[in-house]
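Peer 1: Here you go, one structure.
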Amino acid sequence: MSKTREKFMLEAIKMAETGMNSGKGGPFGAIVVKDGNIIGRGNNQVTTSNDPTAHAEVVAIRDACKNLNSFQLDDCEIYTSCEPCPMCLGAIYWARPKAVYYAGDKKDAADAGFDDDFIYQEIATPINARKIPMKQLLQNKAQLVFKAWIDKDDKIEY
């Protein structure tokens with residue numbers, strides 16, 4: 001491992017520890033790096049913000065995107081103290097960084113009480129068999145909005 005990557009990973013782990021010790025949330029931290037500079041920081045803030053999406057990676061992505069004035073993280077790297085959960089993984093793919101580095105893995109998180117295996121199982125479960133009922137309504141109305149998007153001349157694609 002390069003000394004630079006090690007330095008950035010230690011910073012992500014420090015974010016996790018600082019956030020946890022200050023009572024902001026769980027033991028997770030993340031940073032976003034571009035051109036050797038930290039442009040986004042985040043620690044888990046689920047319990048203090050009452051926001052189930054305020055995971056460290058999502059908070060860091062939001063901070064970096066705000067600082068870049070962009071909705072994508074082109075040529076960026078994400079360093080996170082733990083392997084991203086399914087939600088964070090989705091956010092990471094939407095943000096499109098060039099690489100992600102993580103320290104702990106999902107087993108480490110599960111051992112600490114953060115087991116997301118049930119979410120992975122739910123994703124693979126047919127929609128009509130999931131634990132939280134999901135019912136489709138008014139598909140035809142939603143399709144009209146998608147059609148309008150397809151026809152929109154001034155859209156910003158992502």
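Peer 1: Going residue by residue through the stretch 51-65, is there one that turns out to be free of Cβ contacts under 8 Å to residues at least 12 places away in the same chain, farther than 23 Å from LYS106 by Cβ and open to solvent by 50 Å² or more (accessible area, probe 1.4 Å)?
Peer 2: Of the stretch 51-65, the ones free of Cβ contacts under 8 Å to residues at least 12 places away in the same chain are 51-52.
From the residues that got through so far, the ones that are farther than 23 Å from LYS106 by Cβ too are none.
Checking the stretch 51-65: not a single residue is free of Cβ contacts under 8 Å to residues at least 12 places away in the same chain, farther than 23 Å from LYS106 by Cβ and open to solvent by 50 Å² or more (accessible area, probe 1.4 Å).
Peer 1: Something else now. Only one residue in THR18, THR80 is open to solvent by 70 Å² or more (accessible area, probe 1.4 Å) and of a type in the set (S, T, N, Q), so which one is that?
Peer 2: Numbers: THR80 fails: open to solvent by 70 Å² or more (accessible area, probe 1.4 Å).
Testing whether each residue is open to solvent by 70 Å² or more (accessible area, probe 1.4 Å) and of a type in the set (S, T, N, Q) leaves just THR18.
Peer 1: Further question on the same structure: Go through (1) open to solvent by 60 Å² or more (accessible area, probe 1.4 Å); (2) more than 29 Å from ILE132 (Cβ to Cβ); (3) assigned to a loop (DSSP other than H, G, I, E, B); (4) modelled with pLDDT of 95 or more one by one and return the number of the condition PHE71 breaks.
Peer 2: (2)
Peer 1: Please verify whether ALA16 is in contact with an Asp or Glu (Cβ under 6 Å, 6 or more places away or on another chain) and either touching a residue at least 40 places away in the same chain (Cβ under 8 Å) or more than 24 Å from ILE123 (Cα to Cα) (or both), treating the condition exactly as stated. Break it down stepwise before answering.
Peer 2: Numbers: in contact with an Asp or Glu (Cβ under 6 Å, 6 or more places away or on another chain): no; either touching a residue at least 40 places away in the same chain (Cβ under 8 Å) or more than 24 Å from ILE123 (Cα to Cα) (or both): yes.
Spelling it out, it is not the case that ALA16 is in contact with an Asp or Glu (Cβ under 6 Å, 6 or more places away or on another chain) and either touching a residue at least 40 places away in the same chain (Cβ under 8 Å) or more than 24 Å from ILE123 (Cα to Cα) (or both).
Peer 1: Let me ask something else about it. Answer yes if at least one residue in the stretch 90-98 is open to solvent by 30 Å² or more (accessible area, probe 1.4 Å), farther than 26 Å from TYR158 by Cβ, within 17 Å of the chain's Cα centre (by Cα) and not β-branched (Val, Ile, Thr), and no otherwise.
Peer 2: no
Peer 1: Also, I was wondering about something else. Which one of the conditions (1) touching a strand residue (DSSP E or B) at 6+ places or on another chain (Cβ under 7 Å); (2) of a type in the set (Lys, Arg); (3) closer than 29 Å to GLU157 by Cα does LYS24 fail to meet, given that it meets all the rest?
Peer 2: LYS24 satisfies every listed condition except (3).
Peer 1: Can you pull out the residues in the stretch 99-122 that are basic (Lys, Arg) and surrounded by 15 or more Cβ atoms within 10 Å (Cβ to Cβ)?
Peer 2: Selection gives LYS106 alone.
Peer 1: Any idea how many residues of the stretch 1-35 are under 19 Å from ILE92 (Cα atoms) and small (Gly, Ala, Ser)?
Peer 2: Residues that pass the stated criteria total 4.
Peer 1: Given the structure, is ALA64 assigned to a loop (DSSP other than H, G, I, E, B), at negative phi, of a type in the set (Gly, Ala, Ser) and at pLDDT 95 or above?
Peer 2: Working: assigned to a loop (DSSP other than H, G, I, E, B): no; at negative phi: yes; of a type in the set (Gly, Ala, Ser): yes; at pLDDT 95 or above: yes.
The answer is no for ALA64.
Peer 1: Pairs, please: C-beta under 8 Å, at least 6 apart or cross-chain, first residue within 17 Å of GLN121 (Cα to Cα) and at pLDDT below 95 and in the stretch 84-105, second of a type in the set (Lys, Arg) and surrounded by fewer than 13 Cβ atoms within 10 Å (Cβ to Cβ)?
Peer 2: Close Cβ pairs (under 8 Å, with a partner that is of a type in the set (Lys, Arg) and surrounded by fewer than 13 Cβ atoms within 10 Å (Cβ to Cβ)) do not exist here.
Peer 1: Give the number of residues within the stretch 123-137 that are open to solvent by 100 Å² or more (accessible area, probe 1.4 Å), assigned to a loop (DSSP other than H, G, I, E, B) and within 18 Å of PRO86 (Cβ to Cβ).
Peer 2: 2
The values are calculated or read from the model by the stated rules, or taken from the named source; none is laboratory data. This one's a predicted model, so the numbers in the text were calculated from it and none came from an experiment. Neighbour counts run over all protein chains shown; Cβ positions are idealised from the backbone, glycine included. Surface areas here come from the heavy atoms of the whole protein model, side chains and all, with no ligands, DNA or RNA. Shrake-Rupley method; radii C 1.70, N 1.55, O 1.52, S 1.80 Å.
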